[in-house]
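Visitor: Okay, handing you the structure first.
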Amino acid sequence: MKFAVVDLETTGGTPENGRITEIGIVLLDDFEVVKTYQVLLDPGMPIQPFVQNLTGITDEMVQGQPQFASVAEEVAELLQGRIFVAHNVQFDCRFLRAELRRCCVKIDPPRLCTVKLTRRYFPGQGSYSLHNLIMSLNLPDFNHHRALADAMAAAELLKLCLQKAGPEKIRKEVKNITKAEAEVMF
């Protein structure tokens, strides 16, 4: 199975009013990391103070960085032919699709959510936040709220779910996949 585990940091909570400030992508072929990608982006707008405190990404850090349009094609290529995975996949996928749409790039990838997977295959956790899951499942700690570190942590959760449930059960959890995509990805 081919996965693109994605995490985004943004200026705020909605794709209509916010922009991406950092992208982290981990490409997995089954259990093996085959590539990682990380980039800071200039969102062209201020980052909300709450978000700056949460992520540590400041307006000064993104000033002079590339804007999303300059990496849109590269990001779309990384996602091509892979299952889009994220911890709370709706948030990341909606944000990324909105940014790509602004660049006239349309994607609607098959999706898999590590929040839903861990709730199903690791029930009874006190919290399903990425940090709390990593701690309770005894996985290595990481740099919270930075895109590549969060994507790597989500990839570790995905691997645990794959080990516990097996590829067949995980396949059934994938949303929005066409028959042609399934033939290529599996």
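Visitor: Scanning for something surrounded by fewer than 19 Cβ atoms within 10 Å (Cβ to Cβ), among the aromatic types (Phe, Trp, Tyr) and on the phi < 0 side of the Ramachandran plot, does region 110-122 turn up at least one residue?
Guide: yes
Visitor: Next question. Are there any pairs, at least 6 apart or on different chains, whose C-beta atoms fall under 6 Å, with the first in region 102-116 and touching a residue at least 24 places away in the same chain (Cβ under 8 Å) and the second surrounded by fewer than 16 Cβ atoms within 10 Å (Cβ to Cβ) and not in a helix (DSSP H, G or I), and if so, which?
Guide: Sorted first by the residue in region 102-116, then by its partner, the pairs are Pro110/Asn176; Arg111/Lys175; Arg111/Asn176.
Visitor: Across region 83-117, what is the number of residues that are touching a Phe, Trp or Tyr at 6+ places or on another chain (Cβ under 6 Å) and either farther than 22 Å from Leu41 by Cα or charged (D, E, K, R) (or both)?
Guide: Here the count works out to 5.
Visitor: Filtering region 152-181 down to residues that are part of a loop (DSSP other than H, G, I, E, B) and in contact with a strand residue (DSSP E or B) (Cβ under 9 Å, 6 or more places away or on another chain), which residue is modelled with the highest pLDDT?
Guide: Narrowing region 152-181 to residues part of a loop (DSSP other than H, G, I, E, B): 166, 174, 176-178.
From what's left, in contact with a strand residue (DSSP E or B) (Cβ under 9 Å, 6 or more places away or on another chain): 174, 176-177.
Values: Val174: 94, Asn176: 86, Ile177: 81.
Top of the filtered list is Val174.
Visitor: Examine region 150-172 for a residue that is touching a Lys or Arg at 6+ places or on another chain (Cβ under 7 Å) and either surrounded by fewer than 13 Cβ atoms within 10 Å (Cβ to Cβ) or basic (Lys, Arg) (or both), and state whether such a residue exists.
Guide: At the first step, the residues of region 150-172 found to be touching a Lys or Arg at 6+ places or on another chain (Cβ under 7 Å) are none.
No, region 150-172 contains no residue that is touching a Lys or Arg at 6+ places or on another chain (Cβ under 7 Å) and either surrounded by fewer than 13 Cβ atoms within 10 Å (Cβ to Cβ) or basic (Lys, Arg) (or both).
Visitor: Also: Given the conditions (1) at pLDDT below 95; (2) in contact with a helix residue (DSSP H, G or I) (Cβ under 9 Å, 6 or more places away or on another chain), report the number of the one that Asn138 does not fulfil.
Guide: (2)
Visitor: Note down all Cβ pairs under 8 Å where the first residue falls in region 59-76 and is more than 12 Å from Pro43 (Cβ to Cβ), the second is acidic (Asp, Glu) and buried (at least 16 other Cβ atoms within 10 Å of the Cβ), and they're at least six residues apart or on different chains.
Guide: Gly64/Asp42; Ala72/Glu99
Visitor: Moving on to the next point. Go through region 1-82 and tell me which strands (runs of 3 or more DSSP E), entirely inside it, have 2 or more residues that are surrounded by 14 or more Cβ atoms within 10 Å (Cβ to Cβ) and among the polar types (S, T, N, Q). Steps first, answer last, please.
Guide: Details: elements: 2-10, 20-29, 32-40.
Result: 32-40.
Visitor: Filter region 27-51 down to the residues that are in contact with a Ser or Thr (Cβ under 7 Å, 6 or more places away or on another chain) and at pLDDT below 95, then identify the one that is nearest to Gly81 (Cα to Cα).
Guide: The extreme case among them is Val51.
The values are calculated or read from the model by the stated rules, or taken from the named source; none is laboratory data. Just so it is clear, the structure is predicted and the values come from calculations on it, not from any experiment. Every residue, glycine among them, receives a Cβ derived from its backbone with ideal geometry; neighbour counts consider all protein chains shown.
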